[in-house]
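The values are calculated or read from the model by the stated rules, or taken from the named source; none is laboratory data. Source: prediction; values computed, not measured. In this analysis, Cβ positions are derived from the backbone assuming ideal geometry, glycine residues included, and neighbour counts consider all displayed protein chains. Accessible surface areas use protein heavy atoms only, side chains included; no ligands, DNA or RNA. Shrake-Rupley method; radii C 1.70, N 1.55, O 1.52, S 1.80 Å.
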Amino acid sequence: MLLLFETPAGFALFKVLDEGKLSKVEDLGKEFSSPDSARKVVKLKAFSKFENTSEALESVTKIIESSTSKGLRKFLRANCDGETLAVADSKLGNAIKDKLKIECVHNNAVMELMRGVRSQLTELISGLATQDLAPMSLGLSHSLSRYKLKFSPDKVDTMIIQAIGLLDDLDKELNTYAMRVREWYGWHFPELAKIVQDNILYARSVKLMGSRDNAAKLDFSEILPEEVEAELKEAAVISMGSDVSDVDLMNIKELCDQVLSLAEYRAQLYDYLKNRMNTIAPNLTALVGELVGARLIAHGGSLLNLAKQPGSTVQILGAEKALFRALKTKHATPKYGLLYHASLVGQAPPKMKGKMSRSLAAKAALTIRYDALGDGQDDSMGLENRLKLEARLRNLEGKELGRSAGSAKGKPKIEAYDKDRKKGAGGLITPAKTYNPSADAILGQTPNSTARKVEEEEPAKEAPVTGQEKKEKKKKKRSEEETAVPSDRNGTAEQDGEGEAKKEKKKKKKHQAESDGVQNDAENADEGGKKKKKRKHAEAVEDDEYETPSKKKEKKKKKKTEG
C-alpha cells in the first residue's frame, strides 16, 4: 500500500512497510512517537517537487476542488503500478480511480497514518528542514487566499453596485433632459405635450418634425400610432404656439439627440445588470426581480454582508430613517423598505402588504444566503419560493374576500336553509306548524270549549249573575280560546293538557277573587247611593228653610196652573 501526502514543496509517496499495524488504529499514534519508530512503519518511495509558486497554487487549488492536476497524474502513473493508494479525501480518491484506474482507500486508519506522517514529516523526507517548510506553507497560503479573493462573489458584486447606482443617475438625468425638451419646444408647439405622453417618443417626434409647419408633410407611422399621428397633424395646423428661429430648433434637436442616446445607453446598462444578477444571485433575481435585488445588494454593501442579515433587517432595508423616527416618537415601525417595489408586494391588497413583505423578506434572506454561500448556480430555489409566496398571496386574498362577504372564515359560508332555526341566536324553535282542521270550527262549538263551559257554568249557577260578571266571563272565554288555539296547532298534547289544568286553577282563583271584589263594590255602591240621597234631601230641606215667602208663593201658583 502507498500513501499520497501533499506538502507545500510537492507531492510525496510513502510505502507502508507493515500493513498489519493499520488494524490497530488506537495504537497507531504510538508508532510515530519517535523518528526511528516512524521509519519502521512508512518509508519514502518518491517525491515530486513543485517547480514554482504558480504550479504549487494550481495543484493545491485542484486538490481543494477534489480533482487532479497534470503533474499529479504523471507522478501517480509513474509510481503506482498495481498498488493500492491511501488518500486523505474520498472525493479525490474517486477522481483518481475514474481517470487513472488506481484503487484508492480512505478510512480511519489512513487518517491516523496521515497524522503520524505529518508529525515526523521533516525526519521522513530528507532535505526538507523545518525552517524551509514554514516559509513555503506561508507563501502558498497567501497565494491561495489572493486567488480565491480574486474570484469570490464578494468582489464580483461590486459591478452590480456600480451598475445600479449608474442606472438610478441615468433615470434622473434622462427625466431632467426630457422635461427640458418639453418646456423648450412647448413655446413653439404646446399642444404636442398632451398628445404625446412618452418622453422618448416626444423627443423622436420633435427631432423628426422640427418646425410644426412640417407636420402635415411628414410620416410619423414608424414612431406614433395612426390616431395619435392624425391628432398631431390637426393640432399643428391650429396651434397657438409662437414661432422660433432655425438656430433654436437646431439646439432643441441636439438636446433630443442627447435624450435618445441616454435612453439607448440606459437600455444597454439594464441588460448588463440583468445578466450580472442572473449570474451572481439567480435565486434572489427570480424572487424579487433584477432592480430590487441589485438595490438590496448595493444597500447592504455586498452579497456576503447581505447574507449575514436576518429577514427582519432585509424587510426594512431602505427605510432606516422612518424606523429610527418611529422608535424616537414611539410610533409604529415601517413594514417595508426596498421590498415595497417587488411585484409580490405590489400585487397584495393594501391591508396585506405588511404580511406579504414579511413573508417575502424571510424567503429573500434564504435565497441570498444560498446565492452567496451555496454551490448551486441555478434559480430553482428562488422559483420554488416564489410559487409558495404566490399561493400564500392567493390564500390571503381569499380570506379577505371571505371576510368582506360576511363569513368568519376564509371562504364564504353557505348554509342549507333551515326553517326551524332562528336567525340570530342559532337555536331551534318549535317544529313546523301543520294545518289543524279542528280550528276551522266555530270557537264556541269546539269540544274543548264546550267542556270548559260546563265546568265554568256549574260554579256560576251558585251565585246570582250581574252585568259586570257577564262581561268578565266573556273576557275569560276569549282568553281561553286564544290560548287553546295555539296549543291545538302545536303538536305537544300532554304539555298543553298540564298547562291548561294549571291555567284553569289560576283562573278560578282569579274569578273567585274578582266575584268577591264585585260584591263588595256593589255593597259599597248601595251604601254610597243611600248617602247621596240623604245628602240631597238635607240640601233640599236647607233650601226650603232659606227660601223667601215670595218664592213660596210663586211655586204654589205654578203648581195650580199645572194642575
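Taking the Kirkwood radius as the inverse of the mean 1/r across Cα pairs, report the Rg/Rh of the range 2-149. Expressed as Rg/Rh, it is 0.95. Of the listed pairs Lys21/Lys45; Lys40/Lys97; Lys194/Lys351; Lys49/Lys101; Lys321/Lys399; Lys172/Lys207, which have alpha-carbon separations greater than 27 Å here? Going by Cα-Cα distance, Lys40/Lys97; Lys194/Lys351; Lys321/Lys399 fall outside the 27 Å limit. If R0 equals 35 Å, the separation of the Cβ atoms of Ile64 and Ala326 corresponds to a calculated FRET efficiency of about 0.15.
Heavy atoms of the protein chains alone define the surface here; on that basis the range 113-206 has 58 Å² accessible area per residue at 1.4 Å probe size. A Cα-only calculation for the range 156-270 places Rg and Dmax at 16.0, 57 Å.
Averaging the sequence gap over all C-alpha pairs within less than 8 Å and six or more residues apart, then dividing by the number of residues, gives the range 83-211 a relative contact order of 12 percent. For Ala230 and Gln377, the FRET efficiency from 1/(1 + (r/R0)^6), where r spans their Cβ atoms and R0 equals 56 Å, is about 0.60.
The modelled label-to-label distance for the pair Glu183/Arg146, using points 7 Å beyond Cα in the direction of Cβ, is 5.3 nm. Report, to the nearest whole %, how much of the accessible area of the range 281-401 belongs to carbon and sulfur atoms, 1.4 Å probe, protein only. Taking all protein chains in place, the range 281-401 shows 56 percent carbon and sulfur surface.
Other residues within the sphere of radius under 13 Å centred on the Cβ of Ala298, judged by their own Cβ, net out at -2 (K and R +1, D and E -1). Computed from phi, the 3J(HN,Hα) profile of the range 272-288 under the Karplus parametrisation 6.51, -1.76, 1.60 (θ = phi - 60°) reads 4, 5, 5, 5, 5, 5, 5, 7, 8, 10, x, 6, 5, 5, 5, 7, 10 Hz, with x in place of Gly and Pro.
Taking amide H as placed 1.01 Å from N in the peptide plane, Ala86 has its amide H under 5 Å from the amide H of Leu2, Leu3, Leu4, Val105, each at least 5 places away in sequence or on another chain. Other residues whose C-beta falls under 15 angstrom from the C-beta of Glu183 contribute a net charge of +1, scoring Lys and Arg +1 and Asp and Glu -1. Pair-distance distribution P(r) for the range 211-286, from all Cα-Cα distances in 5 Å bins starting at 0: 3, 12, 12, 13, 16, 11, 8, 8, 6, 6, 4, 0 percent. Accessible surface calculations at 1.4 Å, restricted to protein heavy atoms, place the range 281-401 at 51 Å² per residue.
With Cα atoms as the point set, the range 260-393 shows a radius of gyration and Dmax of 15.4, 49 Å. Less than 5 angstrom separates the built amide H of Lys45 from those of Leu13, Phe14, Lys15, all sequence-distant by 5 or more or on a different chain.
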